[in-house]
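The values are calculated or read from the model by the stated rules, or taken from the named source; none is laboratory data. Keep in mind it's a predicted model, so treat the numbers as computed, not measured. Neighbour counts are summed over all protein chains in view; Cβ atoms, including those assigned to glycine, are modelled from backbone coordinates with ideal geometry. Only protein heavy atoms, including side chains, enter the accessible area calculation; ligands, DNA and RNA are left aside. Shrake-Rupley method; radii C 1.70, N 1.55, O 1.52, S 1.80 Å.
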Amino acid sequence: MSRRELSTFEQESPIPKIITLGDEVTYRVLYDAQEEAEGAVRYTDHTLLEQCRASITALHERAEPMKDYFVREVVEVGTPHAR
């Protein structure tokens, strides 16, 4: 998914960084003014967890295949060599 496509989801605010763990808990990562992680909010509401998963799935379904991304962004750069 291009940055332009992703930006359509961020009209009012940036897409939150969400972490889901199993079927029990969802975290929303919090960032400070320097955009460094400073904590997270824990959610245990099952309905919210399912909504987050559905949103994440929808984004993944629109994304380009990992293999294509890897070939373009990683393989083309090459392997760094130690000095």
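Quick notes on this structure:
- Gaussian network model of the chain, springs between alpha carbon atoms under 10 Å - residue of LEU49, LEU30, LEU21 with greatest fluctuation: LEU21
- The chain: relative contact order as a whole-number percent, Cα under 8 Å and 6+ apart: 20 percent
- When each of the peptides 2-11, 37-46 is scored by how many other beta carbons lie within 10 Å of its residues on average, the order from highest to lowest is 37-46, 2-11.
- Nonpolar atom fraction for the chain, defined as the carbon and sulfur part of the 1.4 Å probe accessible area, stands at 53 percent.
- Note that the chain presents 88 Å² accessible area per residue, ligands and nucleic acids not counted, probe 1.4 Å.
- Spin-label pair TYR43-VAL74: with each label point 7 Å from Cα along the Cα-Cβ axis, the two points sit 3.0 nm from one another.
- Equivalent ellipsoid, the chain (semi-axes from 5 times Cα gyration tensor eigenvalues, Å): 28, 18, 15
- Between 0 and 90 degrees, the angle of helix 46-62 with respect to the longest Cα principal axis of the chain falls at about 20 degrees.
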